[in-house]
Structure formats: C-alpha cells, structure tokens
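What follows is calculated from the coordinates using simple rules that are stated; it is not laboratory data. What you see is a predicted model, and the numbers here were worked out from it, not measured in a lab. Backbone-built Cβ (ideal geometry, glycine too); neighbour counts: all protein chains shown.
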Amino acid sequence: MERLINLLPEKRRLFLEELDSKFTSRAILLYGPRGTVKTTYLLLRARENNMLYVSGYDIRFLQHPFYDLAEVILKNYSGIIIDEVHGIKDRRTIIKNTHDSFPNKKIWLSDSS
C-alpha cells in the first residue's frame with residue numbers, strides 16, 4: 001500500500017475533494033469505468049483513515065480465506081479498502097459476512113465490472 005501511495009502524482013484533482021463529503025458511510029461501493037481515478041482516490045483516503053488498501057486480485061486472497069485475513073487486518077486498522085472487488089471469489093457472501101461481523105469497522109469497495 002505504501003509503495004502505491006508513494007507513486008501517486010503530486011497534483012490533486014479538485015473533484016476528489018467533493019467525494020469526501022459523500023464518503024461518510026461505513027460501507028461504500030465506488031464504481032465506474034476503468035481509468036476514472038477510483039484507485040487513486042482510495043489510496044489517498046487509505047492513509048488518512050487508517051485503512052488498509054488491498055487489490056481484489058491480490059494473491060493472498062487465493063491462499064487464505066478472506067474472512068481470516070479480514071480478522072487480522074481489522075485488529076490493526078479502522079477498515080479495509082478492497083479495490084477491484086470483483087476479483088474475489090464469492091465476494092457477495094464474504095463482504096456481507098465481514099460487514100456484519102465487524103460493525104465498528106469500515107469496508108470500502110471499488111469495482112469496474
């Protein structure tokens with residue numbers, strides 16, 4: 001996550017600040033076509049909100065059950081950001097269970113499909 005954040009451009013797009021007022025819910029799905037700055041926005045907010053950013057295509061999701069990873073992650077972070085959530089098998093059940101099991105944690109998602 002830190003490596004990706006350090007690669008972000010210095011110039012900030014003004015419309016991203018408008019999204020901040022809408023990102024007040026505990027569970028959020030940010031969706032839209034590829035290349036519309038979803039990942040950039042989520043990476044910027046990950047650090048500010050003490051959330052862990054992960055990609056839905058991360059190899060760890062294939063090696064370990066997601067719920068087990070979420071349990072470890074959410075002990076140390078205020079929430080989790082999953083970019084390209086459609087990369088996770090059985091995502092509907094997994095996300096709902098995670099959301100219900102950790103009521104004081106944020107779960108932000110992005111999707112382009």
Given charges at beta-carbon only (K, R positive; D, E negative), |dipole| of the chain in Debye: 100 debye
Pull up the cross-link candidates among the aspartates and glutamates for Lys75, meaning alpha carbon to alpha carbon under 17 Å and not fewer than 8 places away within one chain. Asp100
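Percent relative contact order of the chain, based on C-alpha pairs within less than 8 angstrom and at least six residues apart?
34 percent
Apply the a/c threshold of 1.5 to the C-alpha gyration tensor of region 16-86 and tell me whether it is rounded, prolate or oblate. Let's see the in-between values first.
Numbers: a/c = 2.27, a/b = 1.39, b/c = 1.63.
It comes out oblate by the Cα gyration axes.
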Please report Arg60, Arg26 as a ranked list, fewest other C-beta atoms within 10 angstrom at the top and most at the bottom. Arg60, Arg26
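Hey, which of these cross-link pairs are over 20 Å Cα-Cα: Lys38/Lys96; Lys22/Lys105; Lys38/Lys106? Mind showing how you got there, number by number?
Details: Lys38/Lys96 22 Å; Lys22/Lys105 17 Å; Lys38/Lys106 17 Å.
Lys38/Lys96, as the Cα separations exceed 20 Å there.
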Give the long-range amide H neighbours of Ser55: residues separated by 5 or more places, or on another chain, with amide H under 5 Å away, using H modelled in the peptide plane at 1.01 Å from N. Asp83
Just grab the label-to-label distance for Tyr57 and Asp90, each label 7 Å out from Cα along the Cβ direction, in nm (one decimal). 2.3 nm
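Calculated from DSSP H runs of 4 or more alone, at -39500 (n - 2.57) each and per residue, what is the 222 nm mean residue ellipticity of the chain, nearest 500?
Details: 6 runs with 49 residues, N = 113.
Computed mean residue ellipticity for the chain: -11500 deg cm²/dmol.
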Given labels modelled 7 Å from the Cα in the Cβ direction, how far is it in nm from Asp20 to Ser78? 1.3 nm
Backbone HN-Hα couplings from phi across region 28-37 [Karplus 6.51/-1.76/1.60, Hz, Gly and Pro as x]: 9, 10, 9, 10, x, x, 4, x, 9, 6
Nitroxide proxy distance, nm - points 7 Å out along Cα→Cβ at Ser113 and Val37: 2.6 nm
Can you give the angle from 0 to 90° between the axis of helix 91-101 and the longest principal axis of the chain, with both taken from C-alpha atoms, to the nearest 10? 80 degrees
